[in-house]
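Quick notes on the structure that follows.
Every read-out reported here was derived from the displayed coordinates using simple, explicitly stated rules and does not represent laboratory data. Everything quoted here is computed from the prediction, not taken from an experiment. So basically every Cβ, Gly included, is an ideal-geometry build from the backbone, and we count neighbours across all protein chains shown.
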Amino acid sequence: MIKKHWAGIVASLVVFLLFLTSLAAFNRVHTTGAFEVPLLNWFAVSGMSVTWGLLFDSLSTLMFTMITGVAFLIHVYSIGYMADDDNRARFFWYLNLFVFFMVILVLSDNFLGMFVGWEGVGLCSYLLIGFWSNNRSYLTAAKKAFVMNRIGDLGFILGLLVMFLTFGSVQFSEVFSLVQQVPANDIALILITFLLFVGVTGKSAQLPLFTWLPDAMAGPTPVSALIHAATMVTAGIYMIARSSALYELAPQVLTIVMWVGVATAVVGAVIALRQSDIKKVLAYSTVSQLGFMVASLGAGATFPALFHMVTHAFFKALLFLGAGSVIHGMGGEQDMYKMGGLKRDMPLTFSVFLVGALALSGCPPFSGFFSKDAILLAVHHASPIAFYTLIGVSILTAIYVARMVFLVFFGSQRSDTHAHESPAVMTVPLVVLAVLAAGAGFYHPELELIMLGGTVILLALIWGLTYPRYAVKAVDDRCDQFLSFDLVYHALIVTPILASGRLIHSFFDRDIIDNTAGGFGELISGLGQSLRSLHSGSIGFYLWMITAYVAVFLIGFSIWPF
Amino acid sequence: MALLVLISLPLLGALGVLVFKSRLFAVAVSTIIAFFTATIVMRPDLLMMFPSISLPSLALTPLSSILIILTSLMVLAIIMTSEDSFGFIALLLGIQAALFGVFCARTGLLFYIFWEMTLIPAFFMIVGWGSGDKLKIAIRFLLYNLVGSFALLAVFIYLFLNTHSFAFSDWMTMVFPQSHQLWLLVGLMIAFGIKLPLVPFHRWQPDTYECLPRSGTMLFSGLLSKLGIYGILVVMVPLVPHAMLIHRSLILTIISIGVIYASVVALAETGFKRVVATVSIAHGSMLAAGVFSLTPIGIQGGIVQIVAHSLGVTALFLCEPRVRSRFYLGILFLSVLGSIGLPLTVGFIGEFLILLGLSQVSLIYALVCGVSIVLGAWVMLTLYQNVQSSSDTPIRLTDDEETVLIALVSAIFILGIFPSVVLL
Amino acid sequence: MSITFFWIFSVIAVISALSVILTRNPIYSVLSLIVCFFCIAGHYLLMGAPFLSAVHIIVYAGAIMVLFLFVIMLMNLKDVPEFVSQWWHYILAGVAVSALVFGVSCQLFQSYGPRVIGDMSLKALSHALFTTYAVPFELSAILFLSAVIGVVYLGKTE
Amino acid sequence: MNPEFHYLILGCILFSIGVLGVLIRRNVIIVLMCVELMLNAVNLILVSVCEPIFVFFIMMVAAVEVSVGLALIARIYRKFGTTDISTFGQLKG
């Protein structure tokens, strides 16, 4: 047992130790305040230097604790989930590496260090999405995720360049103190915040760079839970929250941020309505929920965004792991239309999944209700239109969640596979997460009775109305290509780039450059061919030529006015 | 005097290799050279045992110190992993001597002689050990490079006629008229642009890299292409700073287009070596862009990128398709990461500084060159995945290759975390 | 006195040179060339270079011309057409030679000026040969050696 | 008139005769002799401007040239049976 699972156990223990550290740091921050741990002087050029340290303050320790906590649970879950995979050790290696980079991301005391973690988690995401490397389409999905993230990262790094040029530093402390002297609406500031936000759209799967996230579901389910739901994709939220001092001074950019968030929330929710793959539904749901958080940040409300990020981490990880348990039980099947009636076979999974689903749809008293409520309130202050749009998205959320639950757990069994409940090593983390997803909201028990009542009535209505359609009849309304941004990107960006590559390769390189260079060669060799006839081989003729040449040369020199 | 010894050591080594015909001897010689180089650079005071003949025409600058250490280590790596015959290794050592000469030369005459001295062994390497249509490729290589050399020679003759001296110090103190500076700039651009190579002078490079045996490709990409950027740094920037400054936006525009051009072409290329070669053009152009930004940070970035690209591309070529063991795939992936400039690799420091330098000129250039980073990631990952899912080749990595690869990849990461070694 | 000798030597030299190129019999040509060389040796004497004069006679008249004579007699040159046959060749040759003379004289007469009369004695010559020109002198020895080897190789029957 | 000019003119005349001979004679031995004549014309001028060392070296080179040249001619004669210059048409690549 231990021999078989040594890698998972060691990896989980490491993360658990990290979790304990994070608790200690959390405790210390809340008793004595923020502190820093210097690491190294990274590099110094022309008066600009980057020193790298770890910054523990309430924001970073919150992230630290959440990441390591969720990561620990998912590591434990993975021991069961990956039990039969031959490359378990490599899997846990990548997973640990991911946690390392994520910790670097949230704890760094400067933007460049954050960028290291930012790209590092992207790398681990690549490795884990393409973990089953025998399947070429998984590899393509991994590559897509990495490249699209890199587009965002380019924005991030350009933002860092402007920041370097404006403030001469990327240390949080220096930038945030210098920014106070910058006048509001300063163009550099707008540029910095906007470019950093481009980075966020990549990493946190916002419009227009969100299409990699659904494809990223190619990875093992624990990866989707950890990286593509709970932690990595929230890095963007963390980054905007961290640099809120900058964003506050650039209200135009905040408006953009909010509307991008709202639009993403809408698009994600609409697409999720028509998916057939359980993980794709959850992925688009993640996109949509990230849109909520970004919208909240755009409305200037950092706390609700972070709050929703934490509760989302719990309930979405729970949902993914629950889905993973279902997939595991169904022997790898991901199509919801081939499931059905699983609540009898997998009662424990069903109950925790239901908790997660209710939390996601924002049902009181689960955590999702409180955090979403906080976001809606904050957005209401900023823009009523955005507020009503998000209310609509919440309704859509409830619909697709209900559809998913009904299709998977209710109705009749639609395939021959006999599902079985997962082992304890997988269900215990599920239960822990379910408790967290249910109870995390009480951290912030600001109740508004209208909201509470309204939500309960609305949800009851939705679940009641969708029950016959999906639980009883299981209407097949799948449309996996629904609102496919991928097709558009492929037609407008990928294909033209590849085509121009081939064009340049065959036309510019071969036809123009080679022919120009070759043309010179032809010219010279043609000249040589014509001069060759002078090379008659007759000595007498050569003597004549020598004489004539010397004569011409000498006369030329005599006449030439030197 | 010590530098004279430095330059002649590889030549003696080449003779020895031809006489003894022993691989161990070749490795020993290049190890000795590497130690000697390190001694010269780290502890110049230890060299007092040499007769103190002062040779003003040879000297070490901080930049050339970095480059000769890089050269000696790379040649050691190449010889350790080379499967080619002793004639090849002798030529390799000959090129090493010429490279040392170029990096130490402080006069135009010596610079030019050593510059040309690299071409002859390189030509014979292609002709003797290449594959495919090697004679044609060798001649094309030689013609392209000779055009560059001719431009260089013309510039040097002009400089000699105007200063009556070959010493760099005399050249650099001279101020030339604006119109002449422009011509000097054009000549030097051709000379160094072909070597680097920059688009549109790049067409000799992919074929040559593909044709050469692996060690040759490592040498050409890792070391010989660095001559171009070294020339830009040592000759062009001090000589015609005003003309460069005046025409900076034009040059940067051309180079930026070249960066994108090469990256896009790399997407259309097939075959391991050709893809890496084409990406290498993009990297080289970007490196030049950093230098041509004419900002201290950009130039710094260029220098870091010399080391980064040299290590990265050598590791990549060493990783040409093999039996897909876990070690092979892992090390190939790490080399790919080094090549796409992931943070914590030295390539990241270089690219970041280059972009910073460019953004001091204009953010547009940084943006355009940055796009090539995205495209580069695309190309390199496609390449990696093609290797990952291709059919097996029967050749395994040998122990020596594994050692060298581990050393190269660790250097990439160690320098990425502690880059101050390669920052001047 | 020396002027008289100058004219005598000059006239004989030009006449014998012309007869070198104009006589049909190669033997006569060789003999005329020997006469011409003697005259040139006389000029050297007039210019105060007796050693050169002696060397000239030994090398040219004594060795080279004998070699020519030897080769000519060795070969049976009966039916060799001695002169070019087309008439326009002569015209062309005349034009070329006049152009050459014109060009050379333009160049030489511009740069030619009275020089310091140097020491052309044997002592001065040999001193220069073994100090300043020691290396070319040794190199010419190598040249001779290679010539010897070359000639032996060429003369060897297959 | 400067006495050196006399030698200059004499040298020029002898040189021209040599060139003329090279151009109008067909016997390769005579052509070689005309080359010797040209060399001597140059020697004469050099001595007149007091450069005896060069004369000395030219003589050496001339001796070498003649010996190698005659050896070549002998060889050619053995091969073709003639020394007529217009019959040698194979000196090309």
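Principal axis analysis of the Cα atoms in chain A yields extents of 114, 63, 55 Å, listed in decreasing size.
Put simply, the amide H of A:Trp42, placed in the peptide plane, has neighbours under 5 Å in A:Val50, A:Thr51, A:Trp52, leaving out anything fewer than 5 places away on its chain. Rounded to the nearest 20, the size of the Cβ-charge dipole of the protein assembly as shown about its Cα centre is 1400 debye, with Lys and Arg at +1 and Asp and Glu at -1. Distance from the C-alpha centroid of segment A:102-136 to that of segment A:1-63: 16 Å, rounded to the whole angstrom. Note on segment A:250-483: Cα-Cα pairs beyond 31 Å make up 19% of the total pair count. Here segment B:319-424 was treated as a single set of alpha-carbon atoms; its pair distances binned every 5 Å from 0 give 2, 12, 18, 18, 18, 14, 9, 5, 3, 1, 0 percent.
Quick one: net charge around A:Tyr94, please, counting Lys, Arg +1 and Asp, Glu -1 for every other residue with C-beta under 14 Å from its C-beta.
Net of charged neighbours comes to +2.
Kirkwood radius and radius of gyration were both taken over the C-alpha atoms of the protein assembly as shown, and their ratio Rg/Rh is 1.17.
Answer with one residue from A:Ala24, A:Leu543, A:Leu452: the one whose Cα lies farthest towards the positive end of the charge dipole of chain A, charges on Cβ with Lys, Arg +1 and Asp, Glu -1. The one lying farthest along the dipole's positive direction is A:Leu452. A simple rule links phi to the HN-Hα coupling: the Karplus curve 6.51 cos²θ - 1.76 cosθ + 1.60 with θ = phi - 60°, which for segment B:121-132 gives x, 4, 4, 5, 4, 5, 5, x, 10, x, 10, x Hz, with x for Gly and Pro.
For a straight C-alpha distance cut-off of 15 angstrom, the aspartates and glutamates reachable from D:Lys79 (same-chain residues fewer than eight places away being disregarded) are C:Glu158. Could you tell me what % of all Cα pairs in segment B:247-424 have separations over 21 Å? So the portion of pairs separated by more than 21 Å is 46 percent.
In this structure, the residue pairs whose Cα-Cα separation is over 26 Å, taken from A:Lys4/A:Lys280; A:Lys343/A:Lys473; A:Lys4/A:Lys338; A:Lys3/A:Lys316; A:Lys3/A:Lys338; A:Lys280/A:Lys372, are A:Lys4/A:Lys280; A:Lys4/A:Lys338; A:Lys3/A:Lys316; A:Lys3/A:Lys338. Answer rounded, prolate or oblate for segment B:63-192, using the Cα gyration tensor with square roots of eigenvalues a ≥ b ≥ c: rounded when a/c is under 1.5, else prolate when a/b is larger than b/c, else oblate. Note, shape of segment B:63-192 comes out oblate.
Toward the positive end of the charge dipole of chain A, with +1 on the Cβ of Lys and Arg and -1 on the Cβ of Asp and Glu, the farthest Cα among A:Ala145, A:Ser296, A:Thr466 is that of A:Thr466. Each Lys and Arg contributes +1 and each Asp and Glu -1, all at the Cβ; summed about the Cα centre of chain A, the dipole is approximately 880 debye. Normalised by the number of residues in chain A, the average gap of Cα pairs under 8 Å and 6 or more apart makes the relative contact order 12 percent. Could you give the distance between the Cα centres of segment A:262-323 and segment B:284-304, to the whole Å? Cα centres, segment A:262-323 to segment B:284-304: 42 Å. Summed over qualifying helices (DSSP H, 4 residues or more, each -39500 (n - 2.57)) and divided by its residue number, chain A shows a 222 nm mean residue ellipticity of -23000 deg cm²/dmol. Normalised by 2.2 N^0.38 Å, where N counts its residues, the alpha-carbon radius of gyration of segment C:2-118 equals 1.30. Between A:Arg478 and A:Ile524, residue separation times 0.36 nm minus the direct Cα-Cα distance comes to 9.8 nm. Residues A:Ser60, B:Ser149 in ascending order of nearby Cβ atoms (within 10 Å, fewest first): B:Ser149, A:Ser60. Both radii were evaluated on the Cα set of segment D:7-82; the Rg over Rh quotient, with Rh as the Kirkwood radius, amounts to 1.06. The charge dipole of segment A:244-396, taken about the Cα centre with unit charges on the Cβ atoms of Lys, Arg (+1) and Asp, Glu (-1), comes to about 260 debye, rounded to the nearest 20. Bin width 20 Å, alpha-carbon pairs only: give the P(r) of chain B as whole percents, running from 0 to the bin holding the largest distance. Over chain B, the share of Cα pairs per 20 Å bin runs 28, 61, 11, 0 percent.
Near the amide H of B:Thr107, within less than 5 Å, lie the amide hydrogens of B:Phe168, all on another chain or at least 5 residues away, with H placed in the peptide plane.
Here is how the number arises for chain B: DSSP H runs of 4 or more residues each give -39500 (n - 2.57), the sum is divided by the residue count, and the result at 222 nm is -25000 deg cm²/dmol.
Between D:Arg26 and C:Phe83, C:Val84, the built amide H atoms are under 5 Å apart, and every one of these is 5 or more places off in sequence or on another chain.
Taking Cα centroids, how far is segment A:480-559 from segment C:1-32 in Å? After rounding, the separation between the Cα centres reads 59 Å. Here the ratio of the Cα radius of gyration of segment A:469-562 to 2.2 N^0.38 Å is 2.85. Averaged over the residues of peptide D:37-50, the number of Cβ atoms from other protein chains lying within 10 Å of each residue's Cβ is 5.
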